[in-house]
Amino acid sequence: RRIPLAGSGDEFDRLAETVNAMLDRMQHLMENLAAVGNEIAHDLRSPLARLRETLELALRDSEPSAAGAAIAEAIAQVDGALALCGAVLRLAQIETGARRASFSNIDLSELLDRLVETYETVAEEAGHRLIAQVPPCLAIRGDAQLLNQMFANLIENAMTHADGPARIGLVARAEATRVTVRLTDDGPGIAPDHRGAALRRFGRLDPARHRPGYGLGLPLSAAIAELHDAVFTLDDATQGANRPGLAVTLVFPASNAPRPG
Ligand SMILES: Nc1ncnc2c1ncn2[C@@H]1O[C@H](COP(=O)(O)OP(=O)(O)O)[C@@H](O)[C@H]1O
Ligand SMILES: [Mg+2]
């Protein structure tokens with residue numbers, strides 16, 4: 001998505017051009033992410049931080065107007081990009097350095113409970129329902145920050161893409177040597193032959209193109225899962241239904257290590 005130009009050539013148009021050029025550059029760089037993850041995150045971080053500062057100043061100076069709204073939106077987009085850069089940077093650090101050196105024993109139950117607590121209010125305010133079933137003491141090895149990011153991405157996807165008030169389910173379960181987390185919604189879901197596209201960087205399916213987002217949430221989540229040796233699968237939440245909903249299933253290896261803290 002790009003900021004539309006008014007064609008007046010005034011300072012807001014020039015600002016919009018700068019933002020659009022930056023987004024183009026970001027998109028181009030992100031497309032080569034696989035090859036240069038670490039560099040890109042470093043590359044993008046400071047210019048984006050500067051851009052944000054500029055936009056914030058412009059917003060403070062302007063009258064409440066269409067231009068102001070465009071700038072506010074640009075700030076939100078840049079915030080998203082900064083958050084993504086942070087995540088990519090963390091991922092790159094873990095992958096390049098001592099890959100799992102930063103892993104610790106995670107109480108996944110606690111992590112999920114906290115996340116659900118955060119999102120319950122947000123979801124309800126937007127007309128959704130988030131229903132969680134998380135038994136206590138699910139233990140895995142991992143990076144709490146990345147895990148939080150992954151589950152937040154998935155919950156946000158359910159709220160954004162379910163196309164109306166959604167019923168979002170989060171069910172965690174312990175099996176002998178595994179911990180399974182299944183996130184479901186009752187939206188349109190993703191047809192089997194579109195799943196590959198949805199998992200690709202910048203892959204956004206038709207109805208989603210007008211909604212906020214970069215198309216990086218699912219690929220990033222899949223990468224975080226892989227880093228945790230978790231199997232990440234997309235399927236229908238309710239098979240055969242008219243609106244089958246999306247189910248994202250994560251199967252982690254359980255850690256039977258003593259709990260942290
Ligand atoms: N819960 C969902 N229900 C329906 N479609 C989804 C869902 N989650 C993701 N998608 C589709 O997959 C695409 C990619 O998701 P993602 O990588 O998170 O990008 P974004 O959310 O930024 O569009 C989305 O644009 C949307 O088309
Ligand atoms: Mg998303």
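Only one entry in ASN242, ASN148, ASN153 is free of Cβ contacts under 8 Å to residues at least 24 places away in the same chain and of a type in the set (S, T, N, Q), namely ASN242.
The rows are residues; the columns are (1) small (Gly, Ala, Ser); (2) within 13 Å of ligand 2 (Cβ to nearest atom).
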site: ILE140; (1), (2): no, no
site: ASP163; (1), (2): no, no
site: ALA172; (1), (2): yes, no
site: ARG178; (1), (2): no, no
site: VAL181; (1), (2): no, no
site: HIS194; (1), (2): no, no
site: ARG209; (1), (2): no, yes
site: LEU218; (1), (2): no, yes
site: ALA223; (1), (2): yes, no
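Residues in the range 154-172 that are part of a loop (DSSP other than H, G, I, E, B), near ligand 1 (Cβ under 8 Å from one of its atoms) and open to solvent by 30 Å² or more (accessible area, probe 1.4 Å): ASP163 only. May I ask you to verify whether ARG141 is away from ligand 1 (no atom under 12 Å from the Cβ) and without any contact (Cβ under 8 Å) to a residue 12 or more places away in the chain? No; evaluated as a whole, the condition is false for this residue. Take the conditions under 20 Å from THR121 (Cα atoms) and in the same structural domain as GLU124 (by TED's automatic domain parsing) and apply them to GLU156. Does it pass? When the stated conditions are applied, GLU156 passes them.
When you check ASP186 against the structure, is it within 12 Å of ligand 1 (Cβ to nearest atom), at pLDDT below 90 and of a type outside the set (Gly, Ala, Ser), yes or no? Taking the combined requirement at face value, the residue does not satisfy it. Take the conditions (1) touching a Pro at 6+ places or on another chain (Cβ under 9 Å); (2) within 14 Å of ligand 2 (Cβ to nearest atom); HIS128 misses just one of them, which is (2).
Checking the stated criteria, ASN105 turns out not to satisfy the condition of being within 16 Å of ligand 2 (Cβ to nearest atom) and either touching a Pro at 6+ places or on another chain (Cβ under 6 Å) or within 29 Å of ALA76 (Cα to Cα) (or both). Of all residues in the range 120-130, none are at pLDDT below 70, open to solvent by less than 30 Å² (accessible area, probe 1.4 Å) and assigned to a helix (DSSP H, G or I).
Once the range 173-185 is narrowed to residues that are open to solvent by less than 60 Å² (accessible area, probe 1.4 Å) and not hydroxyl-bearing (Ser, Thr, Tyr), the residue that is nearest to the chain's Cα centre (by Cα) is LEU183. Do we have any residue at all in the range 137-153 that's closer than 26 Å to HIS210 by Cβ and open to solvent by 40 Å² or more (accessible area, probe 1.4 Å)? Looking through the range 137-153, none of the residues is closer than 26 Å to HIS210 by Cβ and open to solvent by 40 Å² or more (accessible area, probe 1.4 Å).
Of all the numbered requirements in (1) in a loop (DSSP other than H, G, I, E, B); (2) within 13 Å of ligand 1 (Cβ to nearest atom); (3) out of contact with any strand residue (DSSP E or B) (no Cβ under 6 Å at 6 or more places or on another chain), ALA198 misses one, and that requirement is (1).
The values are calculated or read from the model by the stated rules, or taken from the named source; none is laboratory data. The structure presented is a predicted model; accordingly, all values stated were derived computationally and were not measured. As a convention, Cβ positions derive from the backbone with ideal geometry for all residues, glycine included, and neighbour counts pool all protein chains shown. Please note that ligands, DNA and RNA were not included when accessible areas were found on the heavy atoms of the full protein model with its side chains. Shrake-Rupley method; radii C 1.70, N 1.55, O 1.52, S 1.80 Å.
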